[in-house]
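Peer 1: First the structure, then my questions, so here it is.
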Amino acid sequence: MDSEIFGFESLEFSLYTKDSQINRRGCFSERAIPEDTFIVEYKGEIISAEDAYKRESDPSRPGIYTFWINDNIVIDGLGNGNIAKYINHSCTPNCYYTFEGNRVLIFALKDIHPDEELTIDYCYESEGEKITCTCGSEKCRGFINADE
Ligand SMILES: [Zn+2]
């Protein structure tokens with residue numbers, strides 16, 4: 001039932017996780033994915049900004065898997081999430097996301113080869129604290145945060 005979203009078929013079945021050069025575990029595709037193909041939805045629990053701040057600063061959690069839809073609505077990939085929460089940030093990503101209401105859909109930004117790691121540009125808004133980037137790209141901007 002969930003394999004089709006807005007007429008797009010999810011490629012979630014062909015994704016897997018393994019250790020990543022970028023950060024801990026990453027999300028990889030078994031098969032080649034052509035540019036602009038829908039890959040997977042970023043699923044999780046819909047929470048408020050207030051809850052998101054609390055969870056992001058909770059050291060007992062294994063990592064930050066919050067995806068901000070806007071200033072008030074956040075998806076927490078740790079609650080009822082799927083494999084999309086393992087997609088790491090890169091300053092030169094091979095995937096992008098679009099919003100459909102409160103849903104996040106991830107597409108291929110370019111042709112993706114089999115067993116390539118999927119990455120998106122998180123584009124965090126800068127609110128003071130800069131988060132160091134370890135994406136390893138030649139064009140790495142040094143921080144995961146978006147430019148001012
Ligand atoms: Zn980077």
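Peer 1: Which of the residues belonging to region 69-82 are surrounded by 13 or more Cβ atoms within 10 Å (Cβ to Cβ), without any contact (Cβ under 8 Å) to a residue 40 or more places away in the chain and in contact with a helix residue (DSSP H, G or I) (Cβ under 8 Å, 6 or more places away or on another chain)?
Peer 2: Of everything in region 69-82, those that are surrounded by 13 or more Cβ atoms within 10 Å (Cβ to Cβ), without any contact (Cβ under 8 Å) to a residue 40 or more places away in the chain and in contact with a helix residue (DSSP H, G or I) (Cβ under 8 Å, 6 or more places away or on another chain) turn out to be 73, 74, 76, 77, 78.
Peer 1: Right, something else. Could you grab me the full set of residues in region 69-94 that are within 16 Å of the ligand (Cβ to nearest atom) and part of a loop (DSSP other than H, G, I, E, B)?
Peer 2: Passing the criteria: 87, 90, 91, 92, 93, 94.
Peer 1: Collect the residues in region 72-126 that are among the acidic types (Asp, Glu) and over 13 Å from the mean Cα position of the chain (by Cα), keeping them in residue-number order.
Peer 2: Result: 100, 111, 115, 116, 125.
Results for (1) surrounded by fewer than 12 Cβ atoms within 10 Å (Cβ to Cβ); (2) at pLDDT 95 or above, shown as yes or no for each residue.
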position	(1), (2)
21	yes, no
33	no, yes
47	no, yes
53	no, no
60	yes, no
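Peer 1: Taking residue 127, is it in a loop (DSSP other than H, G, I, E, B), over 25 Å from residue 38 (Cα atoms) and modelled with pLDDT under 90?
Peer 2: yes
Peer 1: Can you tell me which residues in region 83-125 are surrounded by fewer than 16 Cβ atoms within 10 Å (Cβ to Cβ) and touching a Cys at 6+ places or on another chain (Cβ under 8 Å)?
Peer 2: 92 - this is the single residue of region 83-125 that is surrounded by fewer than 16 Cβ atoms within 10 Å (Cβ to Cβ) and touching a Cys at 6+ places or on another chain (Cβ under 8 Å).
Peer 1: Taking region 99-124 only, how many residues are away from the ligand (no atom under 15 Å from the Cβ), in a loop (DSSP other than H, G, I, E, B) and free of Cβ contacts under 8 Å to residues at least 40 places away in the same chain?
Peer 2: Counting residues in region 99-124 that are away from the ligand (no atom under 15 Å from the Cβ), in a loop (DSSP other than H, G, I, E, B) and free of Cβ contacts under 8 Å to residues at least 40 places away in the same chain gives 1.
Peer 1: If you don't mind, there's one more thing I want to ask. Name the residues in region 42-68 that are farther than 13 Å from residue 118 by Cβ and in a strand (DSSP E or B), would you?
Peer 2: 45, 46, 47, 48, 66, 67, 68
The values are calculated or read from the model by the stated rules, or taken from the named source; none is laboratory data. What you are looking at is a predicted structure, and each value in this text was computed from that prediction instead of being measured. Methodologically, a virtual Cβ is constructed for each residue, glycine included, from the backbone with ideal geometry; neighbour enumeration extends over all protein chains shown.
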